[in-house]
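A quick write-up on the structure given underneath.
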Amino acid sequence: MSYAFQAEGLVKRYGDFTALDGVDLAAEAGTVLGVLGPNGAGKTTTVRILATLLRPDAGRAIVGGCDVVAEAGRVRRLIGLTGQFASVDGELTGTENLALIGRLLDLRGNEIRARVKRLLADFDLTEAARRPVKTYSGGMRRRLDLAAGLMGRPAIVFLDEPTTGLDPAKREELWGVVRRLVADGTTVLLTTQYLDEADALADAITVIDHGRVIADGTPAELKRIVGGQSIVVRPADEADLDKCGAVLATVTGRRVDSPKRGVLSVPVGSDGDFTAVVGELDRVRIDVTELALQLPDLDDVFFKLTGHTAAEETEQEAIAA
Ligand SMILES: Nc1ncnc2c1ncn2[C@@H]1O[C@H](COP(=O)(O)OP(=O)(O)OP(=O)(O)O)[C@@H](O)[C@H]1O
Ligand SMILES: [Mg+2]
């Protein structure tokens with residue numbers, strides 16, 4: 001298998017505190033690796049090591065075939081990095097910020113102009129391009145920051161919480177940008193606190209907590225950790241709820257829950273359960289308005305693995321800020 005980047009046993013200590021305690025991760029070329037974890041889990045530390053901004057105390061990381069410590073200069077030429085906190089210059093305009101990066105990258109004038117134009121359009125910043133960045137909203141800065149990370153057309157892109165602070169519409173636009181990058185063959189590492197984002201974009205997900213990997217796999221594999229699918233039924237007549245519940249319990253042999261009023265849910269026991277439930281409901285003549293096989297979402301996974309929801313994390317962060 002060809003990995004675009006790969007880390008093994010990364011350890012990072014700050015004094016007595018161990019921020020990373022042996023992190024392994026890898027992404028195949030042309031895929032998106034999602035890195036999930038609560039605040040303080042070690043996501044930014046991991047990204048900074050891969051991006052050569054921080055040296056690991058142990059372990060090693062290979063990015064684009066180059067060692068991040070021994071060949072840091074080469075790695076830097078291959079990657080684009082967008083940090084968790086915007087790093088563009090407030091006194092310069094959007095265009096000037098991007099052009100400056102183009103010059104730092106030694107691009108030619110016409111190439112710089114073409115890329116700046118394209119990126120400003122991609123990130124919906126064309127209208128604001130001539131204004132100093134200090135007049136931009138937080139979301140606009142964040143988008144410019146992302147554009148800046150792409151000026152060098154990097155083969156590998158590290159995005160540390162790229163959509164934090166973006167409104168839902170702009171988030172979706174950014175998802176589009178990530179999908180286009182991947183379609184062009186770019187490999188992306190994305191940290192996020194939005195599990196729907198990881199679900200929508202990531203081919204594989206590594207979950208980190210307290211500096212250790214606590215799970216990894218495809219979104220579907222992670223969802224299986226929470227115990228697979230459920231059958232969800234809403235009887236047309238609420239008076240049939242008990243009867244319906246009895247059918248679900250008998251067929252699956254599992255405990256039936258009512259996640260909301262008028263709806264019953266039961267974990268799938270074995271492969272034939274869904275068909276058997278459909279047949280039995282028909283046989284005892286219970287009409288339903290809703291009947292579905294449902295996968296758990298990543299919020300369920302996160303809760304199971306870390307003991308709290310991602311939303312709680314976000315709330316705590318908001319309170320701390
Ligand atoms: N320079 C530093 N000195 C001391 N401790 C640090 C330093 N940088 C990070 N840490 C600690 O290392 C741990 C991991 O931090 P990191 O920024 O990697 O977490 P994160 O997963 O990115 O969190 P967040 O979701 O809040 O961005 C945290 O406990 C943090 O306080
Ligand atoms: Mg971080």
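The values are calculated or read from the model by the stated rules, or taken from the named source; none is laboratory data. A quick note: this is a predicted structure, and the numbers were derived from the prediction, not measured. Heads up, the Cβs are rebuilt from the backbone with ideal geometry, glycines too, and the neighbour counts pull from every protein chain shown. For the accessible areas, the whole protein counts, side chains as well, though only heavy atoms, and no ligand, DNA or RNA atoms are used. Shrake-Rupley method; radii C 1.70, N 1.55, O 1.52, S 1.80 Å.
Here are some notes:
- Yes/no for residue 90 being part of a loop (DSSP other than H, G, I, E, B) and either modelled with pLDDT under 95 or in contact with a Phe, Trp or Tyr (Cβ under 7 Å, 6 or more places away or on another chain) (or both): yes
- Matching residues in the range 34-54 - criterion: being closer than 18 Å to residue 76 by Cβ and more than 9 Å from ligand 1 (Cβ to nearest atom): 49, 50, 51, 52, 53
- A single member of 58, 99 is away from ligand 1 (no atom under 12 Å from the Cβ), surrounded by fewer than 19 Cβ atoms within 10 Å (Cβ to Cβ) and assigned by TED's automatic domain parsing to the domain that holds residue 192, and it is 58.
- Unique residue being within 12 Å of ligand 2 (Cβ to nearest atom) and either surrounded by 16 or more Cβ atoms within 10 Å (Cβ to Cβ) or without any contact (Cβ under 8 Å) to a residue 40 or more places away in the chain (or both) when the list is 52, 46: 46
- Each residue in the range 223-272 was checked for being part of a helix (DSSP H, G or I) and more than 27 Å from residue 203 (Cα to Cα), and 15 of them qualify.
- Pair list, Cβ < 6 Å and 6+ apart or interchain, from the range 253-278 residues that are more than 17 Å from residue 237 (Cβ to Cβ) to residues that are part of a loop (DSSP other than H, G, I, E, B) and open to solvent by less than 30 Å² (accessible area, probe 1.4 Å): 268/228
- Qualifying residue in the range 26-34 (condition: assigned to a strand (DSSP E or B) and within 16 Å of ligand 2 (Cβ to nearest atom)): yes
- First in the range 168-193 and on the phi > 0 side of the Ramachandran plot, second anywhere and more than 16 Å from ligand 1 (Cβ to nearest atom), Cβ under 8 Å, 6 or more apart: 185/29; 185/30; 185/155
- Against the conditions (1) touching a residue at least 24 places away in the same chain (Cβ under 8 Å); (2) assigned to a helix (DSSP H, G or I); (3) open to solvent by less than 50 Å² (accessible area, probe 1.4 Å), residue 76 satisfies every one except (3).
One line per residue, one yes/no per condition, for (1) at pLDDT 95 or above; (2) surrounded by fewer than 20 Cβ atoms within 10 Å (Cβ to Cβ); (3) more than 16 Å from ligand 2 (Cβ to nearest atom); (4) not aromatic (Phe, Trp, Tyr):
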residue	(1), (2), (3), (4)
196	no, yes, yes, yes
227	no, yes, yes, yes
235	yes, no, yes, yes
246	yes, yes, yes, yes
268	no, yes, yes, yes
